[in-house]
Amino acid sequence: MPMNLVIQERRKELGLTQEQVAGYLNVSIPAVSKWEKGTTSPDISLLAPLARLLKIDLNTLFCFHEDITQQEIDLLCKEIGKIVGDKGLEEGFATVGQKLHEYPHNERLLHVLTLQLDGLISTSDLTADETRPYEEQILAWYHQLAGSTDIKISNSANFMLASSYLRRGEYEKAQETLDLMPDRNDIVSSMADKFWLQVEIDKHQGKSEKAAEDLQRELHVALNKVQLLLYKMMNMELEYGDLLTAKRIADKSAQMVTLFEMWKYSAFTAPLEIAFAEKDANTCISILREMLAAMCEPWNMDKTLLFNRIPAQTTQPEQMVPIILSAMKKEPLLQSSSEFQELITEYCL
């Protein structure tokens, strides 16, 4: 919205006449009329008192709060990329500066343009000394964005700040910035996670053993999540009545255990569910027997390739086995099975 319409609409919203505005600012009524028609603009000395009269700030008076669409931002990014390619970073930064002057409070625009220029700096053929001024400006913009009330923007800015400090070898600043981020940052992206930066910082600060252990722990957590996802997917297919697809997913779940050296007990949970879906009591009991045996067998993480740095975790089969068998007792499919009763007796339940 141009300034003339801002003045006109705000005056009407406040119930003021052109005569009242003219009297307050000590100008003629025709002068106010010309402002609202866009024929002329108020004198610079009148801008502050005019804004106070209209109960708006100067940014609003100058239309700086007008929003920019995502389509306009996309087109601008293409324009910036072409300018930097044809004329260099200096011209690109100058163009961005002009656009930010038009929209000084639009954090979304600042965020997108800062990320773009940061990427263009990293791919330029300038020397470290030549890119330094541009990097400092990028850091200043990231610092500004880090204070945003938009959690997506602030997390992204802090992540990029920590990454920048890491590249520059400023590990203490990287750690300080990292500490401002949530432990899990699903808002930005899977890679834009505090965890990855922490591993890099630890590695550069002589804590490689800790970094290696943290990577193994992260893998362990991720694999358990995948197993749970596969189990849920399998159950959904069973609800849809697609037994064949459910069995294929169960097979994938079981294969994971061997491939990633996981606790053998985990290989049997999905196949057991399939056996129940097929109402195959004999297969259920056979799988259950293998499951309980695996549950009682210690998982020697220190002997695995992928988890050998994680301190050994003690399993408690004496607590888990009774829970499993008690749940199985409630299954109508097994209640009349003599083989199942033998299994219960075998485990003294």
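The values are calculated or read from the model by the stated rules, or taken from the named source; none is laboratory data. Just so it is clear, the model here is predicted, and its values are computed rather than measured. Because the Cβ atoms are built from the backbone with ideal geometry, glycine has one as well, and the counts that use them run over all protein chains shown. The protein model used for the area step is the full one, side chains on, heavy atoms only, and it has no ligands, DNA or RNA in it. Shrake-Rupley method; radii C 1.70, N 1.55, O 1.52, S 1.80 Å.
Would you mind stating whether Leu126 is open to solvent by 30 Å² or more (accessible area, probe 1.4 Å) and either within 16 Å of the chain's Cα centre (by Cα) or under 30 Å from Val221 (Cβ atoms) (or both)? No: the conditions fail for Leu126.
Residues considered: Glu213, Glu239. Of these, the only one that is in contact with a Lys or Arg (Cβ under 6 Å, 6 or more places away or on another chain) and either open to solvent by 40 Å² or more (accessible area, probe 1.4 Å) or among the aliphatic types (A, V, I, L, M) (or both) is Glu213. Within region 62-71, none of the residues are more than 40 Å from the chain's Cα centre (by Cα), loosely packed, with under 14 Cβ neighbours inside 10 Å and without any contact (Cβ under 8 Å) to a residue 60 or more places away in the chain. The set of residues in region 1-22 that are surrounded by 14 or more Cβ atoms within 10 Å (Cβ to Cβ) and either charged (D, E, K, R) or assigned to a helix (DSSP H, G or I) (or both) comprises Met3, Asn4, Val6, Ile7, Gln8, Arg10, Arg11, Gln18, Gln20, Val21, Ala22. Within the option set His143, His111, being modelled with pLDDT of 90 or more and buried (at least 19 other Cβ atoms within 10 Å of the Cβ) holds for one residue only, His111.
Test Thr40 against the criterion of being part of a helix (DSSP H, G or I), closer than 30 Å to Thr95 by Cα and open to solvent by less than 80 Å² (accessible area, probe 1.4 Å), and give yes or no. No. Being over 21 Å from Leu100 (Cβ atoms), of a type outside the set (S, T, N, Q) and not in a helix (DSSP H, G or I): is that true of Lys55 here? Considered against the rule, which asks whether it is over 21 Å from Leu100 (Cβ atoms), of a type outside the set (S, T, N, Q) and not in a helix (DSSP H, G or I), Lys55 comes out as yes. The residue that is modelled with the lowest pLDDT, among those in region 86-108 that are open to solvent by less than 70 Å² (accessible area, probe 1.4 Å) and over 27 Å from the mean Cα position of the chain (by Cα), is Lys99. Quick one: in region 307-318, of everything that is open to solvent by 100 Å² or more (accessible area, probe 1.4 Å) and out of contact with any helix residue (DSSP H, G or I) (no Cβ under 6 Å at 6 or more places or on another chain), which residue is modelled with the highest pLDDT? Among them, the one singled out is Glu318. Apart from one condition, Ile121 fits all of (1) out of contact with any Ser or Thr (no Cβ under 8 Å at 6 or more places or on another chain); (2) touching a residue at least 12 places away in the same chain (Cβ under 8 Å); the exception is (1).
Residue by residue through region 162-202, note down the ones that are modelled with pLDDT of 90 or more and exposed (fewer than 15 other Cβ atoms within 10 Å of the Cβ). Passing the criteria: Gly169, Glu170, Glu172, Glu176.
The C-beta contact set for region 161-178 (first residue closer than 14 Å to Glu136 by Cβ, second residue open to solvent by 50 Å² or more (accessible area, probe 1.4 Å), distance under 6 angstrom, 6+ apart or interchain) comprises Tyr165/Lys173. In region 59-72, is there at least one residue being under 30 Å from Thr131 (Cβ atoms) and either in a helix (DSSP H, G or I) or at pLDDT 85 or above (or both)? Yes - at least one qualifying residue is present in region 59-72. Screening region 132-236 for helices (runs of 4 or more DSSP H) wholly inside it with 1 or more residues that are within 19 Å of the chain's Cα centre (by Cα) and charged (D, E, K, R) returns the ranges 151-167, 194-204. Selection over region 20-54 of residues that are among the small types (Gly, Ala, Ser) and more than 15 Å from Leu5 (Cα to Cα) gives a count of 5.
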